[in-house]
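Peer 1: This is the structure I want to talk about, given as structure tokens.
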Amino acid sequence: MKKLLKVMSISLILMLNINMTVLANEPVAIVMPENIVDTSNHIYSYDEMVVDIALLKEKYPDKIEISSVGASVDGRAIHQVIIGNKNAKNAIYMQAAIHGREWMNSWILMESLEMCLDNWNNIAPHGVTYGEIFNNCCVYLLPMVNPDGVTISQFGLAGIRNESVRNNCLFMSGAKYPGLWKANANGVDLNRQFTVGWNSRMDVTAPASENYNGTAAFTEPEAQAMKYAMSQRNFVAGVAYHSMEGAIYWDVGQQGQLRERVQALALHCHNITGYRLAEASPVKGLEYNYMNIDKGIPTVCIETGTVACPLPYSQWKRLWRENQMMMVALAGCYQ
Ligand SMILES: [Zn+2]
């Protein structure tokens, strides 16, 4: 029923876009489902997320700004949602699902987004309203930066629409276990595509379901989209969601003030989620290496979950309990 309402609503939104005046004179009001982001299903697909973003925009037109920062190999738009005042003095960058099989983190960002919007006029943990917090610190959300990888993990290689791209995937290492897919549809691990230490890890030398860094940094459209997304502002903090292990990685060899700022960020995240602070990460070429070292933006990598990916649905309640306050509480730390 909820799905049906969603489809009905999205049709009305499309009508609205086509002709505002017709809808304004229509006696039939848009009926919004009470909860837009549905966490009762066992999967959260890219298509479902796209509908949810449109519905949230319709329900809260002046509280979020939506856009696309690029497109995936298989032609899926990479969506960005800015919550709060885009011109706020501070802005945070939050990203999920750079690895396909870690899609449950997209749910965290989308469910948090809806929760924050629903509570706009309510008092947040820092003693002021959610709205006031996001007025002083907006959040740039990229809830699913690797939509093709997510689609392969959820629906198999049949989910890739472009025939030649799909056929290439068939011959890659890991193709027999699409549920475990981490890379994009070119078999490049997007979290090995970043410049800082890009060529330091050469254990996988051909396109595969995971860990292949590509022929150069930023060859992949999704990595280029992220590079653009990160360049939009001088963010005060960045969070990259991954799975699994319940840990916060922050130490990539930052020095001076940046080190102090990223330590403070990691401690905020630890206090909010309860996850342990992890040791220094030996892997390079990652998004958060780039954010910290190249961009000078304090950024942590948060690893959710306690079992192997893709996380089973039974993990969701735990993930939500641990992460539901991240968005608003972290923004509250940067007022
Ligand atoms: Zn990951």
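All of the numbers you see were taken from the coordinates with simple rules; none came from a lab. These numbers were taken from a predicted model, which means no experiment stands behind them. Here the Cβ positions follow ideal geometry from the backbone for every residue, glycine too, while neighbour counts run over all protein chains shown.
Peer 1: Give, to the nearest whole percent, the P(r) tail of the chain beyond 37 angstrom, counting all Cα pairs.
Peer 2: Details: 7972 of 55945 pairs.
So the portion of pairs separated by more than 37 Å is 14 percent.
Peer 1: Using per-residue counts of other Cβ atoms within 10 Å, averaged over each peptide, order 218-226, 315-323 from highest down. Write out the running numbers ahead of the final one.
Peer 2: On the way: 218-226: 21.2, 315-323: 17.1.
In decreasing order of mean packing, 218-226, 315-323 become 218-226, 315-323.
Peer 1: List the residues, sorted by chain then number, that are 5 or more residues from HIS242 or on another chain and whose placed amide H is less than 5 Å from its amide H.
Peer 2: Under 5 Å from the amide H of HIS242 lie the amide H atoms of ILE302, GLU303, THR304, each far enough along the sequence or on another chain.
Peer 1: Continuing with the same structure: So what are the ³J(HN,Hα) numbers for the stretch 281-293, from phi and the Karplus equation (6.51, -1.76, 1.60; θ = phi - 60°), rounded to whole Hz, Gly and Pro as x?
Peer 2: My calculation for the stretch 281-293 gives 8, x, 7, 10, x, 8, 4, 6, 4, 4, 4, 5, 7 Hz in order.
Peer 1: Can you show me the helix-derived [θ] at 222 nm for the chain, built from DSSP H runs with n ≥ 4 at -39,500 (n - 2.57) apiece and divided by the number of residues, rounded to the nearest 500. It would help to have the intermediate numbers written out before the result.
Peer 2: Working: 11 runs with 120 residues, N = 335.
One gets -11000 deg cm²/dmol as the mean residue ellipticity at 222 nm.
Peer 1: Put one equal scatterer on each alpha carbon of the stretch 168-316, apply the Debye formula with no solvent term, and list log10 I(q)/I(0) at q = 0.10, 0.17 1/Å to two decimals.
Peer 2: The Debye formula, applied to the Cα set alone, gives -0.37, -1.03.
Peer 1: Students often forget the sequence filter, so: which aspartates and glutamates lie under 14 Å Cα-Cα from LYS89 once same-chain residues fewer than 8 apart are removed?
Peer 2: Qualifying aspartates and glutamates at Cα under 14 Å: GLU132.
Peer 1: In addition: With θ set to phi - 60° and the Karplus curve 6.51 cos²θ - 1.76 cosθ + 1.60, what are the ³J(HN,Hα) couplings of the stretch 102-119 in order, to the nearest whole Hz, using x for Gly and Pro?
Peer 2: 9, 4, 4, 5, 4, 4, 4, 5, 6, 5, 5, 4, 5, 4, 5, 5, 4, 9
Peer 1: Once Lys and Arg get +1 and Asp and Glu get -1 on their Cβ, which of PRO143, HIS126, TYR228 lies farthest toward the positive end of the dipole of the stretch 118-259?
Peer 2: Value: TYR228.
Peer 1: Mind listing the phi-derived Karplus ³J(HN,Hα) values for the stretch 224-234, rounded to whole Hz, using 6.51, -1.76 and 1.60 with θ = phi - 60°, and x for any glycine or proline?
Peer 2: Working through the residues one at a time gives 5, 5, 5, 4, 4, 4, 5, 8, 5, 8, 8 Hz.
Peer 1: Also, quick follow-up: For ALA264 and LEU170, what does the FRET efficiency come to when R0 = 56 Å and r is the distance between their Cβ atoms, rounded to the nearest 0.05? Mind showing how you got there, number by number?
Peer 2: Values: r = 47 Å, r/R0 = 0.83.
Taking R0 as 56 Å, the efficiency between ALA264 and LEU170 is 0.75.
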